1. With a cut-off of 8 Å between alpha carbons and a minimum separation of six or more residues, what is the relative contact order of the chain in percent?
2. For the pairs Lys50/Lys190; Lys190/Lys313; Lys50/Lys118, note any where the Cα-Cα span goes beyond 25 Å.
3. Ranked highest first by average number of other Cβ atoms within 10 Å, how do 128-136, 84-92 line up?
4. Could you tell me whether segment 1-156 comes out rounded, prolate or oblate from its Cα gyration tensor? Rule is a ≥ b ≥ c as square roots of the eigenvalues, rounded for a/c under 1.5, then prolate if a/b exceeds b/c, otherwise oblate.
5. To the nearest 0.05, how large is the calculated FRET efficiency for Arg202 and His222 if R₀ is 22 Å and r is the Cβ-Cβ distance?
6. Would you be so kind as to identify which of Pro184, Trp138, Leu165 lies farthest towards the positive end of the dipole of segment 132-263, taking Lys and Arg as +1 and Asp and Glu as -1 on Cβ and the Cα centre as origin?
7. Trp69: net charge of surrounding residues, Cβ under 15 Å, Lys/Arg +1, Asp/Glu -1, itself excluded?
8. Would you please give the FRET efficiency between Ser182 and Leu60, computed as 1/(1 + (r/R0)^6) with r the Cβ-Cβ distance and R0 = 45 Å, to the nearest 0.05?
Amino acid sequence: MSEDTMRAVTIREFGGPDVLTVERVARPEPLPTEVLVRVHAAGINPVDWKTRAGQGMAGLQTFPAILGWDVSGVVEEVGFGVTTLAPGDEVYALPWFPRPAGAYAEFVTAPSRHFARKPVSIGHVEAAALPLAALTAWQALVDTAAVQAGQRVLVHAAAGGVGHLAVQFARHLGAEVVATASEPRHAWLKELGADQVIDYTRQRFEDVAGEVDVVIDLVGAHDDTDVRSVSVTRAGGLVVSIPSGVSERLAVVARRAGVRASAFLVEPDAPALTTIGGLVDSGVVRVEVERVFALEQVAEAHRLGEGNRTRGKLVLDVAG
């Protein structure tokens, strides 16, 4: 097979999982300061299926589009000027986000400084599950909320890809962690460091959570979770609204309560990935991968992900 082409999952129109097609496309070439990475595994995230359906980052796509942002692989080639990485280096990254990265493919190119060295204690599948979810949790807690030891942090949808990492990071930062999840996930979340887990299907979290300093809201407007979160946040505290931003209603309710409300969008961040990799290698943090799919099973993976019942992450084994 020609070295000028590669296998990739493409879409030629927005729609359901059936628009995802595996085909051969041109292999990218690294520009100066970029690296070409042979992808071993690619993480699957909600933004992927939202974009496929015409939402998410759909406005930044051009057809035919290659979805995906989470990458773990091996540097194949470096462009002029790259001094921090070399062919053979194992790396992982959230390249280009929110611009297209084309992670559902055998090769990607991106600036070398979007990539960090892969944690040595885990394989490519687990590493590919980390970048978007881990950076979302880390940047929200550390950079946006500046969580301090002794504070109380409420994490909604704590059993999901971002949520289970947010629980661990908040615990690592010295916070007391309150989590919402269905009852079957409770024991696992307590193993990860949650001090209190609330079954949102049986109890309204505002009735039992107590006062918190920070809310990491991974649910948003569904069931008014964003607005209801204000009622448990202390005056001067912060609600970080991740999936849908700060609605006008949330802004008004928060302002009246003396609570801050912040939108959030994750960014490429190799230094943070280096820190996160160290936490993984030291055993402080672990990533949960529920299922691994071959590239040709990508439509099945999207269908499962859209059901919102997964524990942790779904991953494509690109190298197969």
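1. 19 percent
2. Lys50/Lys190; Lys50/Lys118, as the Cα separations exceed 25 Å there.
3. Values: 128-136: 29.0, 84-92: 17.0.
So the peptides 128-136, 84-92, ranked by packing, come out 128-136, 84-92.
4. It comes out oblate by the Cα gyration axes.
5. Calculated value: 0.85.
6. Towards the positive end, the residue furthest out is Trp138.
7. 0
8. Details: r = 34 Å, r/R0 = 0.74.
The pair Ser182/Leu60 has a calculated efficiency of 0.85.
Just so you know, all these numbers are worked out from the coordinates, no wet-lab data involved. Because the structure is a prediction, the values reported are computed rather than measured. As a convention, Cβ positions derive from the backbone with ideal geometry for all residues, glycine included, and neighbour counts pool all protein chains shown.
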